[in-house]
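Note sheet for the following structure.
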Amino acid sequence: MTKPESPFLKQDGTKCSCMDMLQQMLDSEVTDEQREYFKQHLDHCMPCYKNYDLEMTIKELLKSKCCGSDVPSDLLQEIQMQITQKISS
Amino acid sequence: MPHIRSMYNFGFRLTLDRDDAKDLVQDTYLKAYRFIESFQRGTNAKAWLFRILKNSFINDYRKKSKEPSKVDYQEVEAYYNSEEVDRQITPDLRVESLKDMIGDEISNALNALDVDFRTVIILSDLEEFKYEEMAKILDIPIGTVRSRLHRARNLLKEKLSEYAKSMGYNKSNL
């Protein structure tokens with residue numbers, strides 16, 4: 001069976017390296033076709049599989065641990081107050 | 001108030017200080033209100049707000065702060081656009097070690113990065129902005145966004161790897 005053509009191409013038309021594909025995946029800068037190709041690529045490229053797994057774990061960790069700064073309760077009020085003052089002045 | 005949670009988190013991650021973050025966010029919404037005419041309808045309002053906050057941070061806050069000197073990006077980018085990239089060594093970091101990081105390790109690792117690297121991680125991984133939006137928020141070319149993000153991810157991995165080592169995670173098995 002022949003391997004499908006890579007939808008990951010550089011500007012000069014040559015194929016992207018594993019590293020380039022991985023980065024585009026992580027940055028969510030891929031088309032559905034590219035995503036599908038990459039998922040299949042993972043089945044037979046161990047370094048990509050391992051790196052992708054690691055990077056996605058970091059991404060999930062970031063999302064679960066670094067988004068949760070609680071907004072100070074008075075911040076919203078202060079902003080609203082200042083804008084209201086501007087409107088009335 | 002639209003996007004206040006994301007904005008406050010961005011402000012906090014930039015300044016690493018809750019009071020400064022508060023001032024920055026407050027200032028951003030007032031500026032947004034004052035310059036609402038400059039917002040182009042149909043474009044991403046969240047990206048517009050992020051851009052105002054980032055500019056306020058650079059103009060008003062960063063001048064006062066003692067941020068470490070800036071990294072030489074030309075050097076960094078020359079390196080990352082070269083063939084060296086594919087041969088680079090991935091830090092010794094395992095998924096198992098990451099899964100054990102249930103405290104503040106990841107947050108500390110992110111905060112320890114230089115502010116420009118920290119920023120691209122926040123915009124991409126936490127806020128899910130695209131290259132094009134990030135380029136507009138940061139006033140840099142898309143190619144620079146891409147290489148800076150790549151570099152930032154590697155630096156973050158190095159930091160996490162240091163934590164993992166210091167906690168002895170990597171010493172067990174294998």
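Between a residue in region B:32-46 that is closer than 16 Å to residue B:3 by Cα and in contact (Cβ under 8 Å) with a residue 60 or more places away in the chain and any residue that is assigned to a loop (DSSP other than H, G, I, E, B) and open to solvent by less than 100 Å² (accessible area, probe 1.4 Å), which pairs come within a Cβ distance under 8 Å, given they are 6 or more apart or on different chains?
If the second residue must be assigned to a loop (DSSP other than H, G, I, E, B) and open to solvent by less than 100 Å² (accessible area, probe 1.4 Å), the pairs left are B:46/B:2; B:46/B:3; B:46/B:127.
Quickly run through region A:24-36 and pick out the residues that are open to solvent by 20 Å² or more (accessible area, probe 1.4 Å), closer than 15 Å to residue A:6 by Cβ and touching a helix residue (DSSP H, G or I) at 6+ places or on another chain (Cβ under 8 Å).
A:24, A:30, A:34, A:35
Here are A:50, A:10, A:15: which of them is in contact with a strand residue (DSSP E or B) (Cβ under 7 Å, 6 or more places away or on another chain) and among the basic types (Lys, Arg)?
A:15
Across region B:1-57, which residue is least open to solvent (accessible area, probe 1.4 Å) among those that are under 14 Å from the mean Cα position of the chain (by Cα) and among the small types (Gly, Ala, Ser)?
B:11
When you scan region A:73-85, do you find a residue that is at the interface with chain B (Cβ under 8 Å from one of its Cβ atoms), open to solvent by 40 Å² or more (accessible area, probe 1.4 Å), under 30 Å from residue B:25 (Cβ atoms) and charged (D, E, K, R), even just one?
The answer is yes; a qualifying residue exists.
Only residues that are more than 10 Å from chain A (Cβ to nearest Cβ) and over 19 Å from residue B:106 (Cβ atoms): list them for region B:1-14, please.
B:2, B:3
The values are calculated or read from the model by the stated rules, or taken from the named source; none is laboratory data. Everything numeric in this text was worked out from a predicted model, so none of it was measured. Don't worry about glycine lacking a Cβ; one is built from the backbone with ideal geometry, like all the others, and counts go over all protein chains shown. Remember, those area values only see protein heavy atoms, side chains included, never the ligands or the DNA or RNA. Shrake-Rupley method; radii C 1.70, N 1.55, O 1.52, S 1.80 Å.
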